[in-house]
Amino acid sequence: MKKTLTRWIQDAWYNDMYVSVLLAPFSLIYVDIIRLRRFLYRKGLLKSVRLAVPVIVVGNITVGGTGKTPLVIWMANFLQQQGFNPGVISRGYGGQNSEQPRLVTAQTSAAEVGDEAVLIREKAQVPVAVCVKRAVAGQFLIDHENCDILISDDGLQHYALQRNLEIAVIDGERRFGNGYCLPAGPLREPVERLREVDLAIVNGQKQEDFEYAMRFVGSTAVNLQTAAVKPLSDFKAQSCHAVAGIGNPQRFFQLLRQHGLNIKPHAFPDHYPFAAEDLDFNDRQPVLMTEKDAVKCRAFATNNVWAVPIQAKPDSNFIQQLKQRLNLK
């Protein structure tokens, strides 16, 4: 499909094109602003809320997808296994951005609360609330769902909510692009911010001593109409369309190729609002897509559209460190 402005800018960030150098002076201004903002929060000149239960922030320092949503789902399941009653709070990116907290239910659409919130609620089966003010969403889950620990999906830079644990997710392939902060590069904060978080986990191969590794696994496809499940190997006999509207579509395409599939890739912008015509390729070849995209396509998907579930698998060292920080045995 035609490359969007957003995708073109991201290509510039990760390929270090001349446009990034031209925008570098604006990045310096941006860095000064975010440092001033953090200083004001530390001094109490900007209001920051501490909730009555522990808050774990799972975020990143780059614009675009790093794989944090599968980790949030893993984290929710892990905390349940440890005896907690976790809840997830989110800004609801791609939704209606309400200033009132909204509980995500089985009937809630991605158009209302964003695709990530819907997917987390479905996969983790824990209470999920969205609000532009994450502290308000968190208080809502404490009051109405009796949650005793909260996971913030994204929000590493949302200093209006105090946190007990910070986890930063890094894209192991793209890393930090050209190393510039916005708008010249993909960084929301300078790379040295990673030295301040409690745990830094890499979606792929780690490169630094303080990082932990995580991999994604997925070997099946689920039909959006019938919920039938098939191994990905069943799709080897024919060409398939691969659809991804995520931060790094190439990672999804690579997963399918690793399973031996012959795919025709179709990359869409992150959080893309799919319509029926986006999946009409004038043939009957199977269409494989990410689960995050699938939650927006069920209402109009034909019987040749399949979602590919993936699971996050953090390494054992990460799990050990997480238990220590949560005072678990």
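The values are calculated or read from the model by the stated rules, or taken from the named source; none is laboratory data. Owing to the predicted nature of the structure, the values given are computational and were not obtained by experimental measurement. Every residue, glycine among them, receives a Cβ derived from its backbone with ideal geometry; neighbour counts consider all protein chains shown.
Does segment 290-297 contain any residue that is in contact with a Lys or Arg (Cβ under 9 Å, 6 or more places away or on another chain), touching a residue at least 60 places away in the same chain (Cβ under 8 Å), part of a helix (DSSP H, G or I) and not polar (S, T, N, Q)?
yes
Determine, yes or no, whether V229 is in contact with a strand residue (DSSP E or B) (Cβ under 8 Å, 6 or more places away or on another chain), hydrophobic (A, V, I, L, M, F, W, C), at pLDDT 95 or above and closer than 22 Å to S27 by Cβ.
Here the answer is no, as V229 does not meet what is asked.
Can you pull out the residues in segment 67-95 that are under 19 Å from G138 (Cβ atoms) and without any contact (Cβ under 8 Å) to a residue 60 or more places away in the chain?
Listed by number, the residues that qualify are Q80, G92, G95.
Which of the residues belonging to segment 34-72 are within 10 Å of the chain's Cα centre (by Cα) and either surrounded by fewer than 14 Cβ atoms within 10 Å (Cβ to Cβ) or not in a strand (DSSP E or B) (or both)?
So the first thing to find is which residues in segment 34-72 are within 10 Å of the chain's Cα centre (by Cα), and the list is 58-60, 64-72.
Those that are within 10 Å of the chain's Cα centre (by Cα) and either surrounded by fewer than 14 Cβ atoms within 10 Å (Cβ to Cβ) or not in a strand (DSSP E or B) (or both): N60, G64, G65, T66, G67, K68, T69, P70, L71, V72.
Just the residues that are under 16 Å from E122 (Cβ atoms) and surrounded by 17 or more Cβ atoms within 10 Å (Cβ to Cβ), please, taken from segment 78-93.
P86, G87, V88, S90, G92
For the subset of segment 232-252 comprising residues that are among the small types (G, A, S) and either surrounded by fewer than 21 Cβ atoms within 10 Å (Cβ to Cβ) or in a loop (DSSP other than H, G, I, E, B) (or both), which member is farthest from the chain's Cα centre (by Cα)?
Here the answer is A237.
When you go through P269, P249 one by one, which is the residue that is at pLDDT below 95, closer than 21 Å to Q10 by Cα and in contact with a strand residue (DSSP E or B) (Cβ under 7 Å, 6 or more places away or on another chain)?
Exactly one of P269, P249 is at pLDDT below 95, closer than 21 Å to Q10 by Cα and in contact with a strand residue (DSSP E or B) (Cβ under 7 Å, 6 or more places away or on another chain), namely P249.
Would you list the strands (runs of 3 or more DSSP E) that sit entirely within segment 145-211 and hold 1 or more residues that are farther than 18 Å from Q321 by Cβ?
149-153, 165-171
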